[in-house]
Amino acid sequence: MDSFVSALHTDKYQITMMYAHYKNGTHQNRRAFDLYFRKLPFGNGYVVFAGLERVVRYLENLRFREEDLLYLQQENAFEPEFLDLLRSFRFTGTLYAMPEGTLAFPGEPLIRIEGNILELQLIETALLNFVGYQSLIATKAARVRHVAGNDTLLEFGTRRAQEMDAAIWGTRAAYLAGFDATSNTLAGQRFGIPSRGTHAHAWVQDFASELEAFRAYAAAFPDATTLLVDTYDTLKSGLPHAIKVGLELKRQGHTLAGIRLDSGDLAYLSKQARMMLDKAGLTDTKITASSDLDEFTILNLKAQGAKIDAWGVGTKLITAFDQPALGAVYKMVARFEDEEWVPTIKISSNPAKITTPGRKSVYRIIDRKSGKARGDLITAVEEKIDEGKPLQLFDPEHPYRRKKVKNFQAIPLLQPIFQEGRIVYALPSLREIREYHQKQLALFWEEYLRILNPEVYPVSLSHQLWDTKQRLLARIYDYIKAEE
Ligand SMILES: Nc1ncnc2c1ncn2[C@@H]1O[C@H](COP(=O)(O)OP(=O)(O)OP(=O)(O)O)[C@@H](O)[C@H]1O
Ligand SMILES: O=P(O)(O)OC[C@H]1O[C@H](OP(=O)(O)OP(=O)(O)O)[C@H](O)[C@@H]1O
Ligand SMILES: O=C(O)c1cccnc1
Ligand SMILES: [Mg+2]
C-alpha cells in the first residue's frame with residue numbers, strides 16, 4: 001500500500017524547535033505527551049477512535065530523504081551537523097494507543113507517547129492530522145449507522161471530500177464504524193472495502209430514451225443493476241421504465257437488483273415506488289436513496305415510514321459537515337529527569353483546558369452483572385487497580401459527584417504499540433476492527449449512544465492524579481504570586 005508520508009508533513013515550528021533543542025543540547029531529553037480531545041463532536045455521546053493504522057505506518061517509515069534535507073538547508077541556515085542528525089533520524093519512541101474502533105471520551109489519552117523531544121515534536125502535527133480527521137468521520141458514520149439500524153449504508157462522498165486523502169481515509173473510517181460499502185474503488189483496492197454503485201444521470205441522458213438507457217445497463221449487469229429513476233419524472237417515467245426492464249430481466253431468469261431515488265420527497269416516492277414494484281411482482285428489487293442525507297434526514301425519513309433499504313451518504317459524512325474538526329490536542333505531560341518521570345502541567349484560564357499531568361492509563365470499568373460500562377477511570381501509570389475492592393469514581397469537574405463501584409472488571413484501554421521504536425503490535429485487519437467496534441458499542445447502555453442529547457458518560461480521575469494536578473496547580477499559582 002502506498003502509505004509513505006514525508007517527514008516534512010509537519011508544522012515549521014516543530015522543525016525550528018528541533019533545531020533550537022539541538023543548539024541548546026537538549027534534543028535527547030526524554031518527554032511524554034498525550035493526544036486527546038476536549039469536547040465531543042456533533043453533540044454525540046462518544047468518539048470512535050480511528051487513525052492508528054496510518055500513525056503506525058507513518059512512524060515506521062519516518063525518514064528525512066536527501067531532497068527534504070536540501071529543502072531545509074535552502075530554507076534555513078541550519079548547521080550541517082543538525083542536518084546529519086536528521087539524516088540518521090528514526091522513530092525510537094514508545095507509544096501506547098487505544099485500538100481503532102474504541103469508544104473514547106473527552107480528556108482520555110487516545111495515544112500516550114514517550115521518546116526524545118526531537119521526535120516527539122516532529123510527529124505532533126501528523127498524529128493530530130490523522131487521528132483528528134479519521135476519528136471525526138468514524139464518529140459521524142457511527143451516528144448514521146445508529147439511526148439506519150440494519151439497512152445497507154453506502155459511502156458516496158469522494159467527489160465532495162476535502163481532496164483525495166480525505167476521501168480514501170474517510171471511507172476507511174466510515175467502513176470501520178459500520179458502513180457496508182463504498183463507491184470509491186481505490187479505497188476498495190487498498191483496504192478491501194466492498195465497492196458498490198449504481199449509475200449516474202449521464203447514463204440516462206446519453207440515450208435517446210430512458211427505457212433504452214435502462215435496457216442497455218441491465219444488459220451489461222443483468223443481476224447487479226440499480227436503475228436511477230429520477231432523471232425525468234420519477235413516478236411517471238423512471239419507475240414504469242424500471243419496472244418494464246425488471247420484468248424483462250425476470251423473464252430471462254434475472255432480478256433487477258434495485259432502483260435509486262436521488263431527489264424529491266424521498267418518503268413519498270419510496271412508498272409509491274415500493275407499491276408499484278410489489279404490484280408488478282418485483283418484490284426483491286431494493287430501493288436505494290441518496291440526496292444530501294445525514295443521520296437526521298435518515299431518522300426523519302424512517303419516522304415517515306419511508307420504504308428505503310439502502311442509503312447512499314456522501315457530502316455530509318465525508319466532510320463532517322456540521323463539525324469539520326475534532327479539535328484534538330497533543331500536550332506534554334511529563335519530563336524524565338534524574339531517572340524519574342516528573343509530571344508537568346499547562347495552565348489555562350479555561351479550567352477545561354488545564355492539562356492533567358503525568359503519564360496515564362485509562363480503564364473501562366465494566367459491571368460484571370450487566371456486562372455494561374459504569375464509567376472510565378484515568379490513573380497514573382504506576383497505579384494498580386484492585387478488582388477485589390470497591391472503587392470510588394468521581395467527576396473531576398464536580399468532585400462531590402461520586403459513586404462506589406463493586407463487582408467490576410477494569411479493562412485497560414491503552415495498548416503497547418511501539419517499544420523504543422520497535423513495533424510490538426499486530427495491526428488488526430479492517431474486518432477485525434469493525435467487529436471490535438461493534439463489541440465496544442455493546443458495552444454501553446443506549447442512553448450514552450443515542451444521537452440527540454445523550455447522557456454524559458462518567459470519566460473519573462484517580463485520587464492520585466487529582467492530587468498531583470491540585471499540587472502542581474497550587475505550586476504554579478504560588479510561583480506566579482511570588483514573582484509579582
Ligand atoms: N420526506 C422528506 N422529509 C425530510 N427531508 C427530505 C424528505 N425527502 C427528501 N428530503 C431531503 O430534503 C432535501 C431536498 O433537497 P433539495 O431541495 O435540494 O432538492 P432535491 O429533491 O434533491 O432535488 P434536486 O436534486 O433536483 O435539486 C435533501 O436533503 C433530502 O435528503
Ligand atoms: O448527496 P450526497 O450525500 O453528497 O451523495 C452523493 C451525490 O452524488 C451524486 O450526484 P451529484 O450530487 O454529483 O449530482 P446532483 O447534485 O445533481 O445530485 C449522487 O446522485 C448523490 O446525489
Ligand atoms: O453509485 C452511485 O450511485 C453513486 C456514487 C457516487 C456518488 N453518488 C452516487
Ligand atoms: Mg446531489
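The values are calculated or read from the model by the stated rules, or taken from the named source; none is laboratory data. Every value quoted in this text rests on a predicted model; they were computed, and no experiment measured them. We place every Cβ from the backbone using ideal geometry, glycine too, and count neighbours over all the protein chains shown. The accessibility values were calculated without ligands, DNA or RNA, using every heavy atom of the protein model including side chains. Shrake-Rupley method; radii C 1.70, N 1.55, O 1.52, S 1.80 Å.
Here are the numbers for the structure shown:
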| quantity | calculated |
| --- | --- |
| Residue satisfying all of: in region 270-282; open to solvent by less than 20 Å² (accessible area, probe 1.4 Å) and more than 16 Å from residue 304 (Cα to Cα); nearest to ligand 2 (Cβ to nearest atom) among these | 277 |
| Members of region 456-484 that are open to solvent by less than 80 Å² (accessible area, probe 1.4 Å), farther than 21 Å from residue 341 by Cβ and not aliphatic (A, V, I, L, M) | 457, 458, 460 |
| Qualifying positions in region 258-309 - within 16 Å of ligand 4 (Cβ to nearest atom), among the aliphatic types (A, V, I, L, M) and in a strand (DSSP E or B) | 261, 289 |
| Looking only at region 150-192, and only at residues there that are among the aromatic types (Phe, Trp, Tyr) and more than 13 Å from residue 313 (Cα to Cα), the one that is surrounded by the fewest Cβ atoms within 10 Å (Cβ to Cβ) | 191 |
| Residue match in region 211-218 (condition: within 16 Å of ligand 2 (Cβ to nearest atom), open to solvent by less than 30 Å² (accessible area, probe 1.4 Å) and either in contact with a His (Cβ under 9 Å, 6 or more places away or on another chain) or in contact (Cβ under 8 Å) with a residue 60 or more places away in the chain (or both)) | yes |
| Any hit, region 101-111, residues being open to solvent by 10 Å² or more (accessible area, probe 1.4 Å), under 24 Å from residue 457 (Cα atoms) and out of contact with any helix residue (DSSP H, G or I) (no Cβ under 6 Å at 6 or more places or on another chain) | yes |
| Candidate set from region 310-359 (those that are among the charged types (D, E, K, R) and assigned to a loop (DSSP other than H, G, I, E, B)); member that is nearest to residue 10 (Cα to Cα) | 346 |
| Residue ID - farthest from residue 474 (Cα to Cα), chosen from residues in region 344-380 that are in contact (Cβ under 8 Å) with a residue 12 or more places away in the chain and open to solvent by 50 Å² or more (accessible area, probe 1.4 Å) | 369 |
| Residues of region 199-222 satisfying the condition of being among the small types (Gly, Ala, Ser) and within 16 Å of ligand 1 (Cβ to nearest atom) | 200, 202 |
| When residues of region 219-236 are limited to those that are open to solvent by 50 Å² or more (accessible area, probe 1.4 Å) and of a type in the set (D, E, K, R), the one farthest from ligand 2 (Cβ to nearest atom) | 223 |
| Of all residues making up region 391-440, the number that are open to solvent by 50 Å² or more (accessible area, probe 1.4 Å) and touching a His at 6+ places or on another chain (Cβ under 9 Å) | 1 |
| Qualifying positions in region 295-323 - open to solvent by less than 10 Å² (accessible area, probe 1.4 Å), of a type outside the set (A, V, I, L, M, F, W, C) and within 11 Å of ligand 1 (Cβ to nearest atom) | 312 |
| Residue satisfying all of: in region 191-215; within 16 Å of ligand 4 (Cβ to nearest atom) and part of a helix (DSSP H, G or I); farthest from residue 46 (Cα to Cα) among these | 205 |
| Subset tally (residues that are in contact (Cβ under 8 Å) with a residue 60 or more places away in the chain and small (Gly, Ala, Ser)) for region 222-271 | 1 |
| Pick from region 283-294, criterion within 12 Å of ligand 3 (Cβ to nearest atom) and open to solvent by less than 30 Å² (accessible area, probe 1.4 Å), ranking: nearest to the chain's Cα centre (by Cα) | 293 |
| In region 441-455, the residues that are under 20 Å from the mean Cα position of the chain (by Cα) and open to solvent by 50 Å² or more (accessible area, probe 1.4 Å) | 442, 450, 452 |
| Extreme residue, farthest from ligand 2 (Cβ to nearest atom), among residues of region 316-337 that are aromatic (Phe, Trp, Tyr) and more than 17 Å from residue 167 (Cα to Cα) | 336 |
| All positions within region 39-83 that are under 19 Å from the mean Cα position of the chain (by Cα) and farther than 30 Å from residue 178 by Cα | none |
| Region 254-269: number of residues that are within 15 Å of ligand 2 (Cβ to nearest atom) and surrounded by 19 or more Cβ atoms within 10 Å (Cβ to Cβ) | 7 |
| Every residue from region 133-160 that is within 15 Å of ligand 1 (Cβ to nearest atom) and touching a Ser or Thr at 6+ places or on another chain (Cβ under 7 Å) | 154, 156, 157, 160 |
| Selected residue (criterion: surrounded by the fewest Cβ atoms within 10 Å (Cβ to Cβ)) from residues of region 17-36 that are in contact (Cβ under 8 Å) with a residue 60 or more places away in the chain and more than 19 Å from residue 334 (Cβ to Cβ) | 22 |
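This table checks each residue for (1) touching a Gly at 6+ places or on another chain (Cβ under 7 Å); (2) acidic (Asp, Glu).
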site: 126; (1), (2): no, no
site: 131; (1), (2): yes, no
site: 154; (1), (2): yes, no
site: 165; (1), (2): no, yes
site: 175; (1), (2): no, no
site: 189; (1), (2): no, no
site: 195; (1), (2): yes, no
site: 206; (1), (2): no, yes
site: 217; (1), (2): no, no
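One line per residue, one yes/no per condition, for (1) open to solvent by 20 Å² or more (accessible area, probe 1.4 Å); (2) in contact with a helix residue (DSSP H, G or I) (Cβ under 8 Å, 6 or more places away or on another chain):
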position	(1), (2)
196	yes, no
201	yes, no
238	no, yes
241	yes, yes
246	no, yes
252	yes, no
